[in-house]
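To start, the structure itself, in structure tokens.
The values are calculated or read from the model by the stated rules, or taken from the named source; none is laboratory data. Quick caveat, the model's predicted, so the values are computed rather than measured. Heads up, the Cβs are rebuilt from the backbone with ideal geometry, glycines too, and the neighbour counts pull from every protein chain shown.
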């Protein structure tokens with residue numbers, strides 16, 4: 001059913017640390033690999049390894065630059081974008097066939113591909129571009145939070161996390177229950193101020209982001225500019241400066 | 001948004017069909033129409049509605065599940081649209097059959113058809129108007145414009161001076177819709193800053209894209225139309241959908257063959273209007289690609 005459940009037990013999701021992400025696209029590659037493996041799963045590519053390739057991805061990493069008003073320098077950061085498993089998921093309620101649904105037990109938003117008619121309205125309703133229509137199978141694809149890993153009894157316990165979390169080389173991605181105030185992700189959100197994307201869309205995303213730390217003024221003083229500047233050092237350093245300045 | 005021909009034809013043709021059905025229904029309720037005209041014009045309305053619905057079917061990427069779209073009426077406007085249109089068209093068929101066989105009609109069926117076809121057009125418009133992600137659609141002007149576009153088109157064949165009033169309301173709503181869509185205040189809350197979790201006015205630019213080629217998101221939701229062309233198309237649309245039909249109806253009131261010509265010209269105008277409705281609409285995902 002496309003009515004949204006309350007999800008009072010668990011709210012599983014990802015915490016993504018933009019301060020740590022180095023933009024390697026490792027999560028993109030491992031996501032594509034895991035979600036294309038097996039008989040049932042398909043994230044198709046068209047013209048792969050040829051001219052004009054186009055394919056379906058559940059996770060994409062964007063690159064941005066922003067002005068640091070404190071240092072007047074440009075800073076870059078990377079931004080992995082995937083489904084946020086919103087509490088008020090508009091993609092679920094618009095679905096006419098009942099293919100889109102949000103699980104009551106853990107809040108994961110999924111697509112039942114056997115019911116999807118490929119109208120694409122859920123992709124229009126998502127503010128974040130988290131859903132992509134697979135052009136070969138004709139059904140909507142989205143992040144499943146690796147529901148086939150996190151509850152797997154075959155995988156060793158340490159592998160029972162979404163593959164993007166498992167594969168991230170810098171530990172920029174964490175998986176956990178945001179409904180539990182004592183979970184690692186909840187603690188980090190509290191400690192570092194986790195934010196929602198486009199809160200004005202009133203989707204109440206479960207996934208949270210930690211923004212890049214703002215670099216201080218001292219962080220950007222380059223060596224070159226120090227040499228050019230007059231120094232006001234005193235004491236021993238001042239003497240060295242005066243002595244060196246004579247030559 | 002991508003102006004897909006299947007969706008544009010769907011909204012234009014089924015809009016006209018249901019508009020015609022609602023006008024027939026109203027006249028039937030008011031005893032202002034002959035039994036022959038009920039059969040003929042209901043059949044025309046039925047034809048256009050069905051062509052429109054078939055066109056929308058071609059938009060689906062997985063057509064075999066189309067029947068399941070009738071199931072989620074509790075939350076989904078698209079589901080309500082599917083149910084409402086099938087229900088309305090069934091009553092139209094029943095009404096045509098009854099009138100054809102009995103050679104008389106039941107007035108009350110007319111008001112049901114009038115309200116149900118208006119509701120169907122409303123559900124179509126709400127598929128778009130419900131989307132917070134597309135601010136230029138996300139207001140009540142969208143249903144108002146869709147309903148009066150349909151009523152104006154549907155009235156051209158059956159009403160003389162009343163169709164002028166409906167056309168005038170359509171014209172005003174159309175201009176108002178374009179005016180509002182141009183205002184920057186409709187995007188007042190969302191920016192690349194809020195898309196990335198920063199504040200609204202954060203100075204952020206993309207310096208690299210997330211993929212080597214275009215993808216579904218860009219093709220579907222980041223359609224860009226040149227501003228200068230959009231303005232020209234608005235003039236063409238307004239001239240064909242509003243100015244010419246008004247002038248021709250005023251010059252040749254009650255001339256049926258002119259009405260048919262007017263419908264043809266009006267269609268061209270509405271087609272361009274709907275093309276712009278999609279092509280000019282900006283989706284919030286485009287902020288990630290700024």
Exercise. With the stretch A:82-182 as the region, which helices (runs of 4 or more DSSP H) entirely inside it contain at least 1 residues that are farther than 28 Å from residue A:8 by Cβ, within 14 Å of chain B (Cβ to nearest Cβ) and in contact (Cβ under 8 Å) with a residue 24 or more places away in the chain?
Worked result: A:121-125
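Filter the stretch B:1-40 for residues that are over 20 Å from residue B:223 (Cα atoms) and surrounded by fewer than 22 Cβ atoms within 10 Å (Cβ to Cβ) and give the result. Full working, then the answer.
Taking the stretch B:1-40 first, the residues over 20 Å from residue B:223 (Cα atoms) are B:12-40.
Result: B:27, B:29, B:30, B:31, B:32, B:33, B:34, B:35, B:36, B:37, B:39, B:40.
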Seminar exercise, completed: In the stretch A:2-27, anything in a loop (DSSP other than H, G, I, E, B), touching a helix residue (DSSP H, G or I) at 6+ places or on another chain (Cβ under 7 Å) and within 27 Å of residue B:196 (Cβ to Cβ) is listed as A:4
Exercise. When the residues of the stretch B:184-206 are filtered to those that are more than 7 Å from chain A (Cβ to nearest Cβ) and touching a residue at least 12 places away in the same chain (Cβ under 8 Å), which remaining residue is nearest to the chain's Cα centre (by Cα)?
Worked result: B:186
Exercise. Quick check, is residue A:61 farther than 23 Å from residue B:289 by Cβ, at the interface with chain B (Cβ under 9 Å from one of its Cβ atoms), within 22 Å of the chain's Cα centre (by Cα) and in contact (Cβ under 8 Å) with a residue 12 or more places away in the chain?
Worked result: no
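Listed here are the residues, each with its yes/no results for (1) closer than 18 Å to residue B:283 by Cα; (2) in contact with a strand residue (DSSP E or B) (Cβ under 7 Å, 6 or more places away or on another chain).
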| position | (1), (2) |
| --- | --- |
| A:78 | no, yes |
| A:82 | yes, yes |
| A:89 | yes, yes |
| A:94 | yes, no |
| A:102 | no, yes |
| A:114 | no, no |
| A:119 | yes, no |
| A:125 | yes, no |
For this session: With respect to residue B:22, determine if the residue is within 14 Å of another protein chain (Cβ to nearest Cβ) and in a helix (DSSP H, G or I).
Result: no
For this session: Scan the stretch A:109-127 and give yes if some residue there is crowded, with 20+ Cβ neighbours inside 10 Å and more than 24 Å from residue A:1 (Cβ to Cβ), otherwise no.
Result: no
Problem set entry | Test: residue in the stretch A:28-38 that is within 22 Å of the chain's Cα centre (by Cα) and either more than 30 Å from residue A:118 (Cβ to Cβ) or in a strand (DSSP E or B) (or both) | no
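Residue-wise test of (1) over 15 Å from residue B:3 (Cα atoms); (2) part of a helix (DSSP H, G or I); (3) in contact with a strand residue (DSSP E or B) (Cβ under 6 Å, 6 or more places away or on another chain).
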| residue | (1), (2), (3) |
| --- | --- |
| B:250 | yes, yes, no |
| B:253 | yes, no, no |
| B:265 | yes, yes, no |
| B:272 | no, yes, no |
| B:275 | no, yes, no |
| B:281 | no, no, no |
| B:286 | yes, yes, no |
For this session: Filter the stretch A:43-81 for residues that are crowded, with 18+ Cβ neighbours inside 10 Å and not in a strand (DSSP E or B) and give the result.
Result: A:43, A:56, A:57, A:58
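Might you check whether a residue that is more than 30 Å from residue A:22 (Cβ to Cβ), in contact with a helix residue (DSSP H, G or I) (Cβ under 6 Å, 6 or more places away or on another chain), surrounded by 17 or more Cβ atoms within 10 Å (Cβ to Cβ) and modelled with pLDDT under 95 occurs anywhere in the stretch B:250-261?
At the first step, the residues of the stretch B:250-261 found to be more than 30 Å from residue A:22 (Cβ to Cβ) are B:250-261.
Keeping just the survivors that are in contact with a helix residue (DSSP H, G or I) (Cβ under 6 Å, 6 or more places away or on another chain) gives B:252, B:258-259.
Adding the requirement that they be surrounded by 17 or more Cβ atoms within 10 Å (Cβ to Cβ) leaves B:259.
Next, from what is left, pick out any that are modelled with pLDDT under 95: B:259.
Looking for residues that are more than 30 Å from residue A:22 (Cβ to Cβ), in contact with a helix residue (DSSP H, G or I) (Cβ under 6 Å, 6 or more places away or on another chain), surrounded by 17 or more Cβ atoms within 10 Å (Cβ to Cβ) and modelled with pLDDT under 95, one finds at least one in the stretch B:250-261, hence yes.
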